[in-house]
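As structure tokens, the structure follows; a few thoughts come after it.
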Amino acid sequence: MGKGIFQKMPGGELPLPRVAATLGVTIIEVDPGAGTAIVEFDGKEEFSNPVGNIQGGFLAAILDDAMGPALTAMLDENEFAPTLELKINFIAPVRIGRLTGYGYVISKGGSLCVTMWES
């Protein structure tokens, strides 16, 4: 396993993707061996719904961007794993502010991987 793109971002070897910059992403830690990532986000006012919480579509993007580094860190340098399906159950509102997400690879097969996120 080579040094993939998400190992190059925290040290500044590669810039964050535009979507990550929009979400205010800071990659705190990526562990390719464990298939885990710790990622922080800016829960911005611009992401709020009419009652002042972060709108579900932005949360979905945040969740996807937390799980991506965990999986991508386990891939070979020329591999990429786009999101095939994203299932979310919202159980509580998320307030504006700094958010920390923990991405985990649950299963990595030949053509399908399963990831999980928690905060």
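The values are calculated or read from the model by the stated rules, or taken from the named source; none is laboratory data. Worth saying up front: this structure is predicted, and the values here are computed from it rather than measured. Reconstructed Cβ throughout: ideal geometry from the backbone, glycine too, with neighbour counts over all protein chains shown. The accessibility values were calculated without ligands, DNA or RNA, using every heavy atom of the protein model including side chains. Shrake-Rupley method; radii C 1.70, N 1.55, O 1.52, S 1.80 Å.
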**Complete:** The answer for trypsin sites (Lys or Arg not before Pro) in region 37-113 that fall in a DSSP coil and have at most 13 neighbouring Cβ atoms within 10 Å is K87
**Asked** Based on DSSP H runs of at least 4 residues, each adding -39500 (n - 2.57), what is the mean residue ellipticity at 222 nm of the chain after dividing by all its residues, to the nearest 500 deg cm²/dmol?
**Response** -6000 deg cm²/dmol
**Prompt:** Using Cα atoms only, what is the angle between the long axis of helix 56-72 and the major principal axis of the chain, expressed in degrees (0 to 90) to the nearest 10?
**Reply:** 20
**Request:** Can you pull the one-decimal nm distance between simple spin-label points at A21 and L84, each 7 Å off the Cα toward Cβ?
**Result:** 3.2
**Fill in**
Expected max-MSF residue from G33, G56, G101 in the GNM of the chain (alpha carbon, under 10 Å) is G33
**Message:** Could you sort M116, M67, M74 by their accessible area in this structure, using a 1.4 Å probe and putting the largest first?
**Reply:** M116, M74, M67
**Asked** About the Cα centre of the chain, what is the dipole size in debye to 20, counting +1 per Lys and Arg Cβ and -1 per Asp and Glu Cβ, all else neutral?
**Response** 160
